[in-house]
1. Need at least 3 residues that are modelled with pLDDT under 85 and closer than 20 Å to Val250 by Cβ per element, so show me which strands (runs of 3 or more DSSP E) inside the stretch 97-197 make the cut, counting only ones lying wholly within it.
2. Could you look through the stretch 104-134, keep only residues that are out of contact with any helix residue (DSSP H, G or I) (no Cβ under 8 Å at 6 or more places or on another chain) and of a type outside the set (A, V, I, L, M), and pick out the one that is farthest from Asn203 (Cα to Cα)?
3. Scan the stretch 180-190 and tell me whether some residue there is free of Cβ contacts under 8 Å to residues at least 24 places away in the same chain and hydrophobic (A, V, I, L, M, F, W, C).
4. Looking for something in contact with a Gly (Cβ under 9 Å, 6 or more places away or on another chain), farther than 29 Å from Ile205 by Cβ and in the same structural domain as Arg144 (by TED's automatic domain parsing) - is there at least one such residue anywhere in the stretch 86-94?
5. All but one of (1) more than 27 Å from Thr170 (Cα to Cα); (2) in the same structural domain as Leu255 (by TED's automatic domain parsing); (3) out of contact with any Phe, Trp or Tyr (no Cβ under 8 Å at 6 or more places or on another chain); (4) at pLDDT below 95 hold for Ser46; state the number of the condition that does not hold.
6. Would you point out which residue out of Ser179, Ser138, Ser174, Ser82 is closer than 15 Å to Tyr222 by Cα and among the polar types (S, T, N, Q)?
7. Would you check if Ile92 is in a loop (DSSP other than H, G, I, E, B) and of a type in the set (Val, Ile, Thr)?
8. Within the stretch 49-84, restricting attention to residues that are at pLDDT below 70 and at negative phi, which residue is surrounded by the fewest Cβ atoms within 10 Å (Cβ to Cβ)?
Amino acid sequence: MRGLNQYEIGKPVKAGKFSRQSIASSRSWKVKDDKSCAQTTNTGESLPRKEGRTHFTYDRVFDEHASTREVFDVSARDIVNSFVHGISGSLIAYGQTGSGKTFTMQGKGSLKDGAEQTEGVIHMTVRTLFEELAKQQSSTFLIRVSAIEVYNEDIRDLLVTSDEHRKVSTRYDSKLGCSVDSTEKFVLNYEEMIGIFSIADKNRIMKKTGMNDRSSRSHTMYKIILEKKDDGDSGNAYEIDSNEDESIQVSTLNLVDLAGSDTVIRNTRIQDEAQKKEGSNINKR
């Protein structure tokens with residue numbers, strides 16, 4: 001899932017926001033009426049496909065008029081609903097710095113600001129999750145959350161208070177696969193989960209670049225683990241009695257905001273050696 005672009009498609013762009021080549025060509029992006037593809041144009045009208053003309057086809061393309069709610073309803077809601085019923089999934093925002101990944105995932109400003117003003121996909125996901133759990137009257141649940149970032153090839157725990165102890169290691173289990181030894185918190189409702197994710201958002205690496213005043217310099221992942229047990233008398237309590245020997249269904253949902261992919265010097269105008277290293281690691285394939 002790509003981030004919503006904060007700049008209107010088909011309108012002039014300011015220098016520094018896009019490459020000189022795209023500005024010189026006076027081309028813009030146009031989304032087809034059936035929302036199936038996007039292509040560059042010279043006049044705003046659709047052009048026939050031919051060699052040398054950029055043309056991409058997707059399952060769905062959102063134009064400049066699409067809201068974050070529309071992006072969530074089309075791209076994410078089914079994944080959240082499946083997660084409630086035991087199917088793990090991931091929502092990933094990928095794209096160039098300044099394209100609107102973080103805005104789409106957490107709204108304007110910090111994740112806490114988004115909860116109060118402009119909700120992003122993360123807020124909508126968490127709200128939908130608890131709405132769906134409330135409908136499961138014959139089951140009980142236990143929910144754990146964690147948050148990590150990958151910065152300069154290191155994995156950092158965003159729920160640890162001390163910066164010097166944030167670096168964590170990974171381990172491999174033949175049955176469970178690869179896992180990260182990060183802090184996990186139990187939550188009972190929307191407010192608690194957004195509150196914990198807001199703490200993680202505050203601890204992530206964000207810096208100003210030539211293309212973005214608040215650029216993500218790390219890949220950030222918010223993880224939700226849901227344990228579900230069928231029980232005829234659960235009420236609205238999201239808690240599992242671990243002493244009972246019954247089958248428990250476990251699913252995982254990852255909410256990922258990748259760092260902005262960019263050309264380190266030409267587009268972002270980064271001069272600091274530390275930031276050049278960040279950009280190099282961000283763009284590793």
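The values are calculated or read from the model by the stated rules, or taken from the named source; none is laboratory data. For clarity, every value in this text was computed on a predicted model and none was experimentally measured. A quick note on method: Cβ atoms are made from the backbone with ideal geometry, for glycine too, and the neighbour counts reach across all protein chains shown.
1. Fully inside the stretch 97-197 and qualifying: 170-173, 177-180.
2. Going through the qualifying residues, I end up with Glu131.
3. No, because not a single residue in the stretch 180-190 is free of Cβ contacts under 8 Å to residues at least 24 places away in the same chain and hydrophobic (A, V, I, L, M, F, W, C).
4. No, the stretch 86-94 has no match at all.
5. (2)
6. Exactly one residue qualifies, and that residue is Ser179.
7. In short, no.
8. Glu51
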